[in-house]
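*Asks:* Can you keep this structure in mind? I'll have questions shortly.
Bear in mind these aren't lab numbers, they're just calculated from the coordinates by the rules spelled out. All values reported here derive from a predicted model rather than from experimental measurement. Cβ coordinates were reconstructed from backbone atoms using ideal geometry, including for glycine residues, and neighbour counts include every protein chain displayed.
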Amino acid sequence: MTVSLNSYLLLSAALFLIGVTGVLTRRNALIIFMSIEIMLNAANLALVAFAQSLHSMEGQIIVFFVMTVAAAEVAVGLAIIIGIYRRHETVNVDEINLMKW
Amino acid sequence: MLEQAAFTVFAAGAVLCALIVITRRNLVYSAVFLVACFCCIAGLYALMNAQFLAAAQVIVYAGAVMVLFIFVIMLLRADSTQAGAEVINFQWILGPLFAAALLFQIVGVVKSFSTTAPLGEFSPEAVAAAGNVETVGTVLFTQYIYPFELIAVLLLSAMLGAVVLAKRKI
């Protein structure tokens, strides 16, 4: 590979940290969910980079499963957000604090 | 050289689109730029000789997951321009600060990184001989058949859970 493994790992780290910033900073539940998807994709990128660098196929298979799990998680998470919106009329996570002591 | 140029374009596109996703006030803009980010990542997968994953990324992420997101955004009208919009508080400073510190640490680790692991048997030539999709299929259906069947059960349960959670009356 002409592009070194380190470049892919740095890109994966940058994307992951952009996702972390989104989760920590934004208060809208849907944006937080999108940032989680960015983090998952960054991890997938690192897995495929290692699979290419080590001439293995496990990395790609793991990414296949991670994609499937992420799709299932998005479906269930969005259903939960819809339920929360029906109850509280908001998706601002600062205002969903019924269980806060 | 073409590979290096393509990597730079896709990497810059992915990082830029991700930054736009987390900073927009309008949710639909964020969703659309997330689609662009996923397509850039699909391009990166194709660069890394993972053509099956590139296609799966476009179909699953950009095609299905983001459509779900946009459905829910339109359903809930959850724009940040409503009342209860986000205010600028200390989180806007601490969040990026922590991320920058972590990025600094990861850069330090990755720079001194070198893999000395033994190479597997799926070299690019061996995979190109049979095709990437066929290789992924062979490994998936022989070595990883149990996780494959379990993933099917997981998808079924997720589908049932989503339907039950989103119904008005069970």
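*Asks:* Looking only at residues that are farther than 16 Å from A:Asn44 by Cα and at the interface with another protein chain (Cβ under 7 Å from one of its Cβ atoms) in the stretch B:8-23, which one is surrounded by the fewest Cβ atoms within 10 Å (Cβ to Cβ)?
*Replies:* B:Leu19
*Asks:* If I ask for residues that are free of Cβ contacts under 8 Å to residues at least 24 places away in the same chain, more than 7 Å from chain B (Cβ to nearest Cβ) and aliphatic (A, V, I, L, M), which ones from the stretch A:1-35 would you list?
*Replies:* A:Val23
*Asks:* Just to be sure before I move on: is B:Leu19 in contact (Cβ under 8 Å) with a residue 12 or more places away in the chain, of a type outside the set (Asp, Glu) and out of contact with any Ser or Thr (no Cβ under 8 Å at 6 or more places or on another chain) in the structure I sent?
*Replies:* Here the answer is no, as B:Leu19 does not meet what is asked.
*Asks:* In this structure, is A:Ala46 crowded, with 22+ Cβ neighbours inside 10 Å and more than 7 Å from every other protein chain (Cβ to nearest Cβ)?
*Replies:* So A:Ala46 fails the test.
*Asks:* For chain A, give me every one of the helices (runs of 4 or more DSSP H) that falls completely inside it and has 1 or more residues that are among the acidic types (Asp, Glu).
*Replies:* So the answer is A:29-53, A:58-88.
*Asks:* In this structure, does A:Ser53 turn out to be under 30 Å from B:Glu125 (Cβ atoms), of a type outside the set (A, V, I, L, M) and surrounded by fewer than 22 Cβ atoms within 10 Å (Cβ to Cβ)?
*Replies:* Working: under 30 Å from B:Glu125 (Cβ atoms): yes; of a type outside the set (A, V, I, L, M): yes; surrounded by fewer than 22 Cβ atoms within 10 Å (Cβ to Cβ): yes.
Taking the combined requirement at face value, the residue satisfies it.
*Asks:* Could you check A:Leu78 against (1) farther than 30 Å from B:Gln51 by Cβ; (2) crowded, with 23+ Cβ neighbours inside 10 Å and say which number it fails?
*Replies:* Every condition holds for A:Leu78 apart from (1).
*Asks:* Here's another thing I want to ask about it. Using the structure shown, decide if B:Val164 is among the β-branched types (Val, Ile, Thr), more than 23 Å from A:Ala70 (Cα to Cα) and out of contact with any Ser or Thr (no Cβ under 7 Å at 6 or more places or on another chain).
*Replies:* On the way: among the β-branched types (Val, Ile, Thr): yes; more than 23 Å from A:Ala70 (Cα to Cα): no; out of contact with any Ser or Thr (no Cβ under 7 Å at 6 or more places or on another chain): yes.
The answer is no for B:Val164.
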